[in-house]
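Shown next, in structure tokens, is the structure this report addresses.
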Amino acid sequence: MPRSVCWLIMTALCVVIMSWTSAPDAAAQAGSGPSQSLDFDLYRDTVEPILLARRAGNARCVVCHSRGGGNSYLEPLTPGSDSYDEEQSLRNFERVRRLVVPGAPTESVLLMNPLTEEAGGSHWHAGGKHWESQTDPEWETLASWVNTTVATLDFDFYRDNVEPILLAKRPGNARCVVCHSRGGGNSYLEPLSPGIDSYDEDQSGRNFERIQQLVVPGAPLESTLLVNPLAEEAGGSHWHAGGKHWISQDAPEWQTLARWVQGATGGDGR
Ligand code: HEC
Ligand code: HEC
């Protein structure tokens, strides 16, 4: 075999091995890790006022950052108005969120650009430095927004891992679906189609919408779906007409539900 071909094969092999060994990292980032999102209300109430605030000796953030063009992340203010309505704030929020890394203030350009370099900020910001230290009240407010993340409920995880639990047969008790798809106040599941023992994607979508009312993202023990069928001794509710299905929070089914409520994503196994 000519030497160059041999070399090519080696290189190709190396690339394959490298991508194979780095795959778990990529997967952890993209798929199965908790999905966190930033809080809009907190943004609107605490962050946006800072971007609008007048600044002694410097222009306001909004003055430079609402002019259109590449570094414009704020809507132009409506003439004569000095604040945003809710829809404008929402559009701002969509852009501003791309300038921060949830949970990591010091990796967020929104916080680092106007912070002096001595305080850990970026080397350069054409708009000048607005904060001398990370204990500046404005900086702290932005940091606490970036650090306040709420779990989001993932549909794929729900469909692959949660719904099967609600459909599973239970020795000594009825299935959740038997009692909770009959219509009426505590019905949160669609009736199963006659002769079929699972849901199609549309039905799952409607179930997902209703079940979201029964859970508090990020808080399994405040979620009726998890607390009602859990034994009282294990932290469950006092009463559930449908009986107790899990005697401990270690029950694999309960753990799966908890992971979903805490933001697990994708169809990763139970
Ligand atoms: C005098 C105008 C001016 C002011 C005031 C100003 N900036 Fe800037 N800012 C710029 C310019 C120009 C850039 C792009 C060049 C650079 O990165 O320095 C920029 C870049 C940025 C970026 C990076 C944008 C991106 O898309 O990567 C962020 C974030 C930022 N500024 C935040 C702020 C914040 C927060 C304030 C208020 C505390 C502020 N700026 C005040 C002019 C300004
Ligand atoms: C034998 C029938 C039955 C079974 C089986 C059953 N439940 Fe229930 N469940 C009820 C009834 C009746 C209520 C309403 C009264 C109450 O809260 O106890 C209820 C209430 C609930 C509620 C509160 C609903 C609301 O709208 O506030 C949740 C959540 C719940 N059940 C979850 C489950 C889960 C999860 C399972 C399966 C692990 C399950 N249930 C199994 C009968 C049942």
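Side notes on the structure shown:
- In degrees, nearest ten, helix 3-27 long axis to first principal axis of the chain (Cα): 70
- Cβ-Cβ FRET estimate between LEU99 and ALA231, R0 fixed at 35 Å, reported to 0.05: 0.15
- Extension gain, ARG182 to GLN36: 0.36 nm times the residue separation minus the Cα-Cα distance gives 49.1 nm.
- For the stretch 155-261: rounded, prolate or oblate by the Cα gyration tensor [a/c cutoff 1.5]: prolate
- Cα→Cβ-extended label distance, 7 Å offset, between TRP239 and ARG91, nm: 5.2
- Highest mean packing comes first when the peptides 141-151, 205-215 are listed by Cβ atoms within 10 Å, giving 141-151, 205-215.
- Ellipticity estimate at 222 nm from DSSP helix runs (n ≥ 4, -39,500 (n - 2.57)) divided over the chain, nearest 500: -10000 deg cm²/dmol
- Segment LEU192-CYS64, length gained on full extension (0.36 nm per residue, minus Cα span): 40.4 nm
- Once the Cα atoms are used to define both axes, helix 252-261 deviates from the longest principal axis of the chain by about 30 degrees.
- Virtual paramagnetic centre 7 Å along Cα→Cβ of GLN249, amide N under 18 Å, in the stretch 209-233: 215-233
- Percentage relative contact order, the chain, counting C-alpha pairs under 8 Å, at least six apart: 18
- Using the average count of surrounding beta-carbon atoms within 10 Å as a protection proxy, the listed peptides 260-266, 63-69, 87-93 rank, highest first, as 260-266, 87-93, 63-69.
- For the stretch 91-170, the set of GluC sites (Glu not before Pro) satisfying both a DSSP loop assignment and a count of at most 16 other C-beta atoms within 10 Å is given as GLU132.
- Note on LEU189, LEU221: ascending count of other Cβ atoms within 10 Å places them as LEU221, LEU189, the fewest first.
- Distance between the 7 Å Cα→Cβ label points at ARG55 and SER144: 2.1 nm.
- Whole-number Å³ per residue for the convex hull built on Cα positions in the chain: 255
- THR135-GLN212 FRET efficiency (beta carbon distance; Förster radius 22 Å; 0.05 resolution): 0.05
- Selection from THR256, VAL177, GLN212, by position along the positive dipole direction of the stretch 155-261 (Cβ): VAL177
- Sequence-distant contacts, meaning Cα pairs under 8 Å at least 6 residues apart, place the relative contact order of the stretch 191-270 at 22 percent.
- Taking the number of Cβ atoms within 10 Å of each Cβ as an exposure proxy, the fewest-first ranking of VAL109, VAL216 is VAL109, VAL216.
- When each of the peptides 176-184, 51-59, 190-198 is scored by how many other beta carbons lie within 10 Å of its residues on average, the order from highest to lowest is 176-184, 51-59, 190-198.
The numbers here are math on the coordinates, done by the rules we state, and not lab data. Here the structure is a predicted model, which is why all the values come from computation and not from measurement. Glycine also receives a Cβ, built like all others from the backbone with ideal geometry; neighbour counts cover every protein chain displayed.
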